[in-house]
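Notes to accompany the following structure.
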């Protein structure tokens, strides 16, 4: 299989290495591809610069669109999630186009369970742009989207570190959803291989959990006091609270390597080389 990974970064590089190891021909598209795995064919291109997309091979079997915005502003999200999809779809028409979406497209805030059939009413411009790009991708031939929760793993241990140094605070009755980087790559590989996938999946681990419980577990493991709640009236980002279900993904045949946050964070250990 000939696969292009557009935005071959934190998750995409792991996926690229896995695909190349099994014999697929993998192309990694980045503005600066110098850090791509050696088994990946680099493509130095910018989705905001259409002329550079002439370097993209046309005879591809699949595309994984894993691009992220380079700034937290509406114009950057539009470039990354909307215009980039439009430009890439204009030059390649693979049999499978997998779009990396986000659980930020949901606006639920009361701890509700959500799945692929739940309403999507994003509260912020970021979720609205991701949803716009997702719809474009799903309308493409062979279009599939997967909505990932918060991605953590080696090199992304901000939450664990904030507990260890005493900065962490939890929000009452606030549910969180996450997925380990390696399961992101595994789920994407699974969707590439499915003969007849659905057009939409939710990608989170098997245990959405209240923020307080997650922080308390991390504190216990680190041997420090459990974090306190946020101060009354304090402003917090990401005020949405929901419980995302990955049932459809599991029923399609995917088996999580790290089905809970405990499994994933335990695997990171305390070794800075691994985390």
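Observations, loosely collected:
- The set of residues in the stretch 1-19 that are over 18 Å from the mean Cα position of the chain (by Cα) and either more than 14 Å from residue 61 (Cβ to Cβ) or part of a loop (DSSP other than H, G, I, E, B) (or both) contains only 1.
Per-residue answers, yes or no, for (1) at pLDDT 95 or above; (2) within 23 Å of residue 192 (Cβ to Cβ); (3) not in a loop (DSSP other than H, G, I, E, B):
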residue	(1), (2), (3)
37	no, yes, no
42	yes, yes, yes
52	yes, no, yes
75	yes, no, yes
80	yes, yes, yes
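- Restricting the stretch 167-195 to residues that are more than 18 Å from residue 247 (Cβ to Cβ) and out of contact with any strand residue (DSSP E or B) (no Cβ under 8 Å at 6 or more places or on another chain) leaves a set whose member that is surrounded by the fewest Cβ atoms within 10 Å (Cβ to Cβ) is 195.
- Residue 138 being under 25 Å from residue 62 (Cβ atoms), touching a residue at least 12 places away in the same chain (Cβ under 8 Å) and outside any helix (DSSP H, G or I): no
- Looking only at residues in the stretch 54-73 that are surrounded by 13 or more Cβ atoms within 10 Å (Cβ to Cβ) and part of a loop (DSSP other than H, G, I, E, B), the one that is farthest from the chain's Cα centre (by Cα) is 57.
- Filter result for residue 94 (touching a strand residue (DSSP E or B) at 6+ places or on another chain (Cβ under 7 Å), more than 29 Å from residue 195 (Cβ to Cβ) and at pLDDT 95 or above): no
The values are calculated or read from the model by the stated rules, or taken from the named source; none is laboratory data. No experiment lies behind these values; they were computed from the predicted model shown. Backbone-built Cβ (ideal geometry, glycine too); neighbour counts: all protein chains shown.
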